[in-house]
Amino acid sequence: MKNALSLLLLALSLTQASHPAIARVTEGHENGNAGDIYAIEFKLTARDIVQRLRLLTSDDLNGINLTQLSGAILVTTVSSEERVFLNGYEVNAKNLPAEGKIVINRSWWRPLRMASETKNRVRLVLHEYLPLIGVADEGALVSERLIALLDIKNFDPNRWWNPLNPANHITLSLEGGPQGCSLPTIKPNPSNSEEDFSVETNGTCGDFYRKVVVHKASFTAPPSTGYRGTVHRYSIAVIDRDSKVLGVTHYTPRIAECLSLEDGTCALGGSLNPGDGSVSLQFWLLREAQ
């Protein structure tokens, strides 16, 4: 492992001068408050709800346009106050469609973060966004019906929101290699802030022999991203049978892509080809693997 890591570090030093674009966090909540964790959690929950709603049929959705809902989540400004009032009464949140705003009551959101309050939490979030796309939700009847159809299990936000882009499987495939020549799957642990992996091709590969060296590092999402939490970033080197470094790539799985799902499989972004393009990688989060 030390030799593999040394090769990766050497490759990094050789390529940083000509390839300064080390992967950055490219997605944030510019339409929210960077330091407002309540607003951030509200937005992440909304994104999760849309992913779940996509599993329903058009009859279940009954005319709700998920493209419009996704757009509303993207452009709506979310903020929080310690207490929120509407028409003289304290409420858990209020939406202002004309202004494109949602204001969360922090004192009411805190208990909703408990795992046992999962359905109430996601119902509230959906209820506040529906009027922004012209769907009346008087008495929360629409949001209540949709959340019931989703059969959401209890979920503790603290479990998966740190890191913000967890991956536990990296599948590798050899492009153009002979039949029977393959690369094993790499299995990062989302709980670890730093890890190193080195895998080699299996089978009869000949000139297609490859070693893939992966280094996972962590950093705290900067305020400019609109998130608070740890982000994982990967540096990947591809090495041939003569120990020649064919190339290096740096990759940060997309933030919030797979958050809040209790089970199932989620791909964190698309495939990428490090080195000479002969190795393809795909990052995944497999809940059942945890």
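The values are calculated or read from the model by the stated rules, or taken from the named source; none is laboratory data. Worth saying up front: this structure is predicted, and the values here are computed from it rather than measured. Ideal geometry is used to build each Cβ from the backbone, glycine not excepted, and the neighbour counts take in all protein chains shown.
Quick look at the numbers
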item	result
Residues (touching a residue at least 12 places away in the same chain (Cβ under 8 Å) and in contact with a His (Cβ under 6 Å, 6 or more places away or on another chain)) located in segment 99-146	140, 143
Leading residue by the ranking (modelled with the lowest pLDDT) among those in segment 145-161 that are out of contact with any helix residue (DSSP H, G or I) (no Cβ under 6 Å at 6 or more places or on another chain) and either charged (D, E, K, R) or under 16 Å from residue 102 (Cα atoms) (or both)	159
Subset tally (residues that are closer than 15 Å to residue 65 by Cα and within 21 Å of the chain's Cα centre (by Cα)) for segment 119-128	1
Residue in segment 132-140 that is in a helix (DSSP H, G or I) and on the phi > 0 side of the Ramachandran plot present	yes
Criterion violated by residue 98 - all others in (1) within 22 Å of residue 146 (Cβ to Cβ); (2) hydrophobic (A, V, I, L, M, F, W, C); (3) assigned to a loop (DSSP other than H, G, I, E, B) satisfied	(1)
